[in-house]
Amino acid sequence: MTTTMATGTATAVPADVTAPVLFKAACPDCRGRFELASDAFRLAIGGSRRTTFYSFTCPDCRRAVRRPAGERIVELLTGGGVRTLRLHSG
């Protein structure tokens, strides 16, 4: 599966099953656009929309990028093998 992600939207396109999953991403700081493998992302799932997000380091400017992750983004990232941290409250 090849997954495309940019500016908070994501779509999945079927591809060769043995191909690695790459995500298209963009940096809001330097405006760089690039493709990253699933191991470059981290997904945190919290109890609310505010605490559910994905993050990565921009390969161009090396800044940490953190973006909100709605249900569809969570589905695509987890399906693509992105490491997930489930945040607990209490």
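Among all positions in segment 8-22, there is no residue which is at negative phi, at pLDDT 95 or above and part of a loop (DSSP other than H, G, I, E, B).
LEU85 meets all of the listed conditions (1) at pLDDT 95 or above; (2) open to solvent by 60 Å² or more (accessible area, probe 1.4 Å) but one, namely (1).
Does LEU77 count as assigned to a strand (DSSP E or B), open to solvent by less than 60 Å² (accessible area, probe 1.4 Å), among the aliphatic types (A, V, I, L, M) and touching a helix residue (DSSP H, G or I) at 6+ places or on another chain (Cβ under 8 Å)?
no
Condition check for GLY47 on (1) open to solvent by less than 40 Å² (accessible area, probe 1.4 Å); (2) modelled with pLDDT under 95: one failure, at (1). Would you confirm, using the coordinates I've provided, whether PHE41 is open to solvent by less than 30 Å² (accessible area, probe 1.4 Å), of a type outside the set (Ser, Thr, Tyr) and out of contact with any Gly (no Cβ under 8 Å at 6 or more places or on another chain)? Yes: the conditions hold for PHE41.
The values are calculated or read from the model by the stated rules, or taken from the named source; none is laboratory data. The structure displayed is predicted, hence computed values, not measured ones. All Cβ positions, even for glycine, are placed from backbone atoms using ideal geometry, and neighbour counts span all protein chains on display. Ligands, DNA and RNA are excluded from the accessible area calculation, which covers all protein heavy atoms including side chains. Shrake-Rupley method; radii C 1.70, N 1.55, O 1.52, S 1.80 Å.
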